[in-house]
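The values are calculated or read from the model by the stated rules, or taken from the named source; none is laboratory data. It should be emphasised that the depicted structure is a prediction, and the values quoted were computed from it without experimental measurement. Note that we place each Cβ from the backbone using ideal geometry, even for glycine, and neighbour counts take in every protein chain shown.
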Amino acid sequence: MTITGAWVCLLAPLAGAIAITLAGTRISRRTAAYISTLTTFVAFGGALVAFLGLWATDHGDREIVSTAYTWLESGDFRVELQILLDTLSSTMMLIVSGVGGLIVWYSMGYMAGDDEERRYFAYMSLFVFSMLMLVQAGNLLLLLVGWGLVGLASYLLIGFWHHKPEAVAAAKKAFVMNAIGDATLALALVLLIWETGTLTYLGVFEDVDGLSTTTVNLVALGLLGGAVAKSAQIPLHTWLPDAMEGPTPVSALIHAATMVTAGVYLLVRASPIFEAAPDVQALAAILGAITLLVAGVIALVQWDIKRVIAYSTMSQIGYMFVAAGIGAYGYAIFHLMTHAFFKALLFMTAGVVIHHLGGEQDIRKMGGLRGLMPRTHLAFLVGALALAGIPIFSGFWSKDGIVAAALADGGALGYSLYAAALVGALLTGLYTFRLYFTVFRGEPSDFVKEHAQEDHGEGPRSMLIPVGVLSVLATIGGLVAIPGVWEPFLHWIDETVEPTVKATVTQDYATSAVAVTLGLVGFLLARRAFDAGRQLVTGPAVWRVLEHKLYVDEAYDALFFRPAAALSTALRRNVEEPLVERSLDEIGAGTLQVGGEVARAQTGLLRTYAIALAFSVVVLVVVFVAVR
Amino acid sequence: MLTTALILFPIAAALVVAILPLPRETTAGLALLAALMEVGLWITAVTQFDFDDGSLQLGTTREWVESLGISYSVGFYGFSLWLVGASVVVFAAAIGYALWAGRERTRAYHALMLLLLGAVVATFTAQDLLLFYAAFELMLIPLYVLVGVWGGERRQAATVTFVIYTMAGSLLMLASVVAFGVTQGTFSLTAGETSDNVWIFLGFAIAFAVKAPLFPFHGWLPLAYREAPVEVAAVLSAVVSKTAIYGFIRIGLESFPEPADDLSGLILVLACAGLVYGSLLAFRAPDLRGVIAYSSMAQMGLITVGVFAFDDLGLDGAILQSVAHGLVSASMFLLVGMVERRCGTSDVDALGGMARGRPSLTTVVLIAGLIALAVPGSATFAGEFLIMAGAYDQGWGYSVVVALGIVLAAMYTLRVISAILHVEPGRAVRKEALDLRPGELALVLPLLLLLLGLSVWPAVVSQSAFAASTLAEILP
């Protein structure tokens, strides 16, 4: 029953995607939307059954592997289609299918009337299936399959409005940067095959102690490369802001709640490997800390409502990387979950706003929406409070747990991470409330008055109910891990991955006091700036550097894309065309000419063949003479 | 017996098609029927084949010229059975495409295609070197004529270049065949004779390197793939190129274990060079055919890396990838042909925006393209992963190059997809350009369904390509 639930969870969305694809235009757009939503909720039901079944199992037995068949086999090497159900994967299944179901449902209203709605829902279902494959996989190759397929679905959905050149370019960029991560991940797997002979998690983790330091470090680096690319951490982060070209529910589902957190899942899932390679694990934490600061600063200068939230996502995933990097695995997953709630909520309320304003995303044109959209305003405020880590909202519990763990970790690294995380808390307060005030407070702008569609209300029910559910979750979703009082969530995750660092209750509450203060300072500064009509970042030079995302895109362009393109063109011009393609032009022409003179009735073709045959006889004679 | 039937049936069908004075459509239909029956014959062969048995199966051996040690000997091993399977399926699709496109001089055209099919099957099954040579040569003659007569504007130049390159390779191979026969006293491949003569090996290796083609023996490739009728290009890239892989394994590795081992470094470097070089040129080729042509070269480099990895992972991966690439490259070429017929060009700049209002074309191009770029979970991914893992045995650098190849493949294949489907319609894309019609879908969908099936269960090929006893024989 338990494991059947897990298989249903995995396969229901796939069935949905296939059904919609095969049905084509025979079903209405609405039916396609219902199929997709329903199958995702069926998956959630399956996940729930699996979770409850696991809950009812004895402590030691909460690790079930179920194998369907052998997917790939060569010699002694075999990879099976198998799922691993344990406390970690069951939690991820609930998050993915639950939040996924809500967002697909929301899409029904958001995408209503689009030309290619059916294709959209087929892609969404494909994505949910792939993401479930990623978290349920029982071995690393299957994880890589899910890993690649979520990247594929992301490519398809970012480029969903395929007539827009920016959307297509963004989709390609996302795919290629993720392919780089896929490649390093695949190389790590190759090493593991040769060193341990298996790719199953349990098999690899057993053998990990026997590996040499170099090997473990290389494997961990390969995995980290994949995680960094997928989770848009520095230095492979530039694709995420561009990915906002896709429809807003896509940003909510893929680029906030689920796919981009896959890197965190991998760091936690493969923690035995990372613990054997402590330097690489520390590197993950450092990259996370850098990302959370840089993305937090860049978020201050963005004008596009979705891009602000996208940079916030990068920054929050940075927190999760810090947690996974210092060994606070439970908190990494906890923040992953609360972030899925409040970030999906923020994107979805942003979507409602964008919808309401006829597709406008520039916050300079917004303002004063509080009065016009009271329910949306409230939902957004909940999301903002959770994001900024204000007490009792979900983000408060999870983020402060990470900051406290950094303090508990201690040492130069721990204290640096602690400082970075606290600065990050301030930045979060700043960019979150800059966005909130600009969009919702003040007087309605002219643009808003002109475009606000009165009859439109705040969107259809299919959009408002998911927003409502997520608002509740973003508010109370953090109450499953109250330090020192009630921590069932952490105990649940700890069963699969034992944390290597744990903050004391004193450290927890002391950290919270500081972090909340910093969040509130951020709020107040943002408010003062808004009241004064100022921006938070002043100085045109700084602004320009930040607006260009520290010129990383330009640097990659100059360092990789252009040289590759130039090399390619140079090879074609200087090697392929003159040396390879034209090598025979003269010989060919000569042959034709000779042939033409000998017998005009025949084609040059046959003559070439005859000449060649004559040559062959000569060569044969030479060979015979030489061999005898 | 069944092997002989698989060789002779298409040749006999070619004769029938050539002789019977039937109307055009009937002739082409007859050819398609023959190709489909060939697929049926192959399925029969699969049902009778025992994949655990490493010896030659379904074969026939008759002494031919006893005094010289020449015999008519044909039969199947697991891996050749899979290669033939990919071939017969691709040929059926290609002949179907020719029927749909309505090639001129129908009888000659279809007779040549069927003859080519017979020659390909003979090449994959020959167990005597002279027979192999004869079959290898027999493939070339219909190809020369198909490109030279039915090709595009520059077909003459394409054919001449193709003839010169392949003839040069063939001559070297003929010399090697004779030298092998003379030194070993037999031409039989089943006698288990091995040679340690590097020069004889090189003759074979260069012939296969031209056929594949490997860098830098690919001079014939850009013109031939651009000028050939599109279904002939499909056959060239999907099927004919794989005879080189077959040759590398069956003759290179099995009959020349020592020279193959000694020179594996050189071949691996050339294969890797071809993988990177082909990928880079594909990335900037100005036309769709060019992209697919160079990507095919890159893929052949990759598969060759698998062969010369000298381990079961690499070899199994090479066969899996040969089958998968055969199917996907044929699909891509046929799709490009369908786009060309609508737009009159395959220039990347002139195309685009075809996704809107053409759901069938969109779906099919996306599936084919995404499998071509080896998205994880696809059969091509499984093959590439096995090759990447196998190559590690020869040096980690080769695995890294294969990984680089995966990233480059993503870059050039996404370019193809976008060039056809995305952004605003290009200047060659007219409103009247229709979506794929059922007839066209019927040509491409079977290939794609096979690929999807193979993606769900790649082990069906990888685990049965080589029986354990065969591998023990091949590998050092």
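A few points about this structure:
- Looking at B:ALA372, B:ALA382, just one residue is over 24 Å from B:ARG437 (Cβ atoms), buried (at least 23 other Cβ atoms within 10 Å of the Cβ) and aliphatic (A, V, I, L, M), and that residue is B:ALA382.
- For the range B:378-399, the candidate set comprises residues that are polar (S, T, N, Q) and within 12 Å of B:LEU451 (Cα to Cα); within that set, the residue that is nearest to the other protein chains (Cβ to nearest Cβ) is B:SER378.
- Subset of the range A:103-123 that is more than 14 Å from every other protein chain (Cβ to nearest Cβ) and out of contact with any Ser or Thr (no Cβ under 9 Å at 6 or more places or on another chain) - its residue that is modelled with the lowest pLDDT: A:GLY113
- Filtered residues of the range B:92-112 (kept if aliphatic (A, V, I, L, M) and out of contact with any Lys or Arg (no Cβ under 9 Å at 6 or more places or on another chain)): B:ALA92, B:ALA93, B:ALA94, B:ILE95, B:ALA98, B:LEU99, B:ALA108, B:ALA111, B:LEU112
- Exactly one residue out of B:GLY219, B:GLY203, B:GLY252, B:GLY181 is without any contact (Cβ under 8 Å) to a residue 40 or more places away in the chain and among the small types (Gly, Ala, Ser): that is B:GLY203.
- Selection count where residues are buried (at least 23 other Cβ atoms within 10 Å of the Cβ) and more than 9 Å from chain A (Cβ to nearest Cβ), scope the range B:420-435: 1
- Residues in the range A:261-291 that are of a type in the set (Ser, Thr, Tyr) and closer than 19 Å to A:LEU192 by Cβ: A:TYR265, A:SER271.
- In the set (1) more than 13 Å from the chain's Cα centre (by Cα); (2) over 22 Å from B:LEU22 (Cβ atoms), B:VAL120 fails one condition alone, (1).
- Condition met for B:ARG356 (at the interface with another protein chain (Cβ under 7 Å from one of its Cβ atoms), more than 22 Å from the chain's Cα centre (by Cα) and over 23 Å from B:VAL456 (Cα atoms)): yes
- Test: residue in the range B:212-229 that is buried (at least 24 other Cβ atoms within 10 Å of the Cβ) and closer than 30 Å to B:THR60 by Cα: yes
- Set side by side, the residues A:ALA47, A:ALA32, A:ALA68 differ, and just one is crowded, with 24+ Cβ neighbours inside 10 Å and either within 14 Å of another protein chain (Cβ to nearest Cβ) or of a type in the set (Phe, Trp, Tyr) (or both), which is A:ALA32.
- Test for A:ALA282: is it crowded, with 24+ Cβ neighbours inside 10 Å, over 22 Å from A:LEU143 (Cα atoms) and in contact (Cβ under 8 Å) with a residue 24 or more places away in the chain: no
- Among residues of the range A:524-537 that are assigned to a helix (DSSP H, G or I), those with a beta-carbon under 6 Å from a residue that is basic (Lys, Arg) and modelled with pLDDT of 85 or more at least six positions away or on a different chain give the pairs A:ALA526/A:ARG434.
- Given (1) more than 10 Å from chain B (Cβ to nearest Cβ); (2) modelled with pLDDT under 95, index of the condition A:LEU132 fails: (2)
- When we screen B:VAL291, B:VAL305, B:VAL239, B:VAL235 for residues that are among the hydrophobic types (A, V, I, L, M, F, W, C), within 14 Å of chain A (Cβ to nearest Cβ), in contact with a helix residue (DSSP H, G or I) (Cβ under 9 Å, 6 or more places away or on another chain) and under 28 Å from B:LEU130 (Cα atoms), the only hit is B:VAL305.
- Options B:GLY59, B:GLY54, B:GLY85, B:GLY75; residue that is of a type outside the set (A, V, I, L, M, F, W, C), in contact with a helix residue (DSSP H, G or I) (Cβ under 6 Å, 6 or more places away or on another chain) and part of a helix (DSSP H, G or I): B:GLY85
- Restricting attention to the range B:38-51 and to residues that are touching a helix residue (DSSP H, G or I) at 6+ places or on another chain (Cβ under 7 Å) and either of a type in the set (Lys, Arg) or assigned to a helix (DSSP H, G or I) (or both), the residue that is surrounded by the most Cβ atoms within 10 Å (Cβ to Cβ) turns out to be B:GLU38.
- Looking across the range B:165-201, the residues that are away from chain A (no Cβ under 13 Å) and in a helix (DSSP H, G or I) come down to B:VAL198, B:PHE201.
- Of note, B:ILE406 does not satisfy the criterion of being within 26 Å of B:ARG284 (Cα to Cα) and more than 8 Å from chain A (Cβ to nearest Cβ).
- Single match in B:VAL348, B:VAL364, B:VAL375 (criterion: touching a helix residue (DSSP H, G or I) at 6+ places or on another chain (Cβ under 7 Å), away from chain A (no Cβ under 12 Å) and closer than 28 Å to A:TYR123 by Cβ): B:VAL348
- Any helices (runs of 4 or more DSSP H) falling wholly within the range A:375-462 and containing at least 2 residues that are touching a Leu at 6+ places or on another chain (Cβ under 8 Å) and aliphatic (A, V, I, L, M): A:394-409, A:411-440
- Odd one out for B:ALA158, checked against (1) part of a helix (DSSP H, G or I); (2) in contact with an Asp or Glu (Cβ under 6 Å, 6 or more places away or on another chain); (3) away from chain A (no Cβ under 14 Å): (3)
- Residue within the range B:235-246 that is surrounded by 23 or more Cβ atoms within 10 Å (Cβ to Cβ), over 25 Å from B:GLY148 (Cα atoms) and in contact (Cβ under 8 Å) with a residue 60 or more places away in the chain present: yes
- Qualifying position, being in a helix (DSSP H, G or I) and polar (S, T, N, Q), among A:THR496, A:THR506: A:THR506
- Any hit, the range A:177-184, residues being buried (at least 23 other Cβ atoms within 10 Å of the Cβ), in a helix (DSSP H, G or I), more than 10 Å from chain B (Cβ to nearest Cβ) and in contact (Cβ under 8 Å) with a residue 60 or more places away in the chain: no
- Residue within the range A:104-113 that is surrounded by 23 or more Cβ atoms within 10 Å (Cβ to Cβ), within 21 Å of the chain's Cα centre (by Cα) and under 26 Å from A:GLY197 (Cα atoms) present: no
- Filter result (in contact with a helix residue (DSSP H, G or I) (Cβ under 6 Å, 6 or more places away or on another chain), surrounded by fewer than 19 Cβ atoms within 10 Å (Cβ to Cβ) and hydrophobic (A, V, I, L, M, F, W, C)) within the range B:12-29: B:ALA18
- Scan of the range A:185-218 for residues that are at the interface with chain B (Cβ under 8 Å from one of its Cβ atoms) and small (Gly, Ala, Ser), ordered by number: A:ALA186
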